[in-house]
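Working notes, beginning with the structure itself.
Computed from the coordinates by the stated procedures, all read-outs in this text should not be read as laboratory data. Every value quoted in this text rests on a predicted model; they were computed, and no experiment measured them. Cβ coordinates were reconstructed from backbone atoms using ideal geometry, including for glycine residues, and neighbour counts include every protein chain displayed.
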């Protein structure tokens with residue numbers, strides 16, 4: 001049950017740090033890490049911010 005984490009792969013491939021994601025969505029690094037690792041969901045607002053700020057495709061975020 002080791003599902004591929006597309007978002008984490010995208011961030012690494014594009015040299016985007018989790019801290020940068022945290023700053024954009026206005027969350028702590030710990031909360032952002034849980035969201036990136038699929039332990040918590042991104043809100044619609046956070047998805048829109050990441051898409052518009054970092055140009056991350058929406059299908060990778062959700």
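Tabulated values for the structure
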{"item": "Isotropically averaged projected area of the chain, using the convex hull of Cα atoms (one quarter of hull area), nm²", "result": "3.9"}
{"item": "Two-site label geometry, residue 41 and residue 20: point separation in nm, points 7 Å out along Cα→Cβ", "result": "2.8"}
{"item": "Cα→Cβ-extended label distance, 7 Å offset, between residue 6 and residue 55, nm", "result": "1.9"}
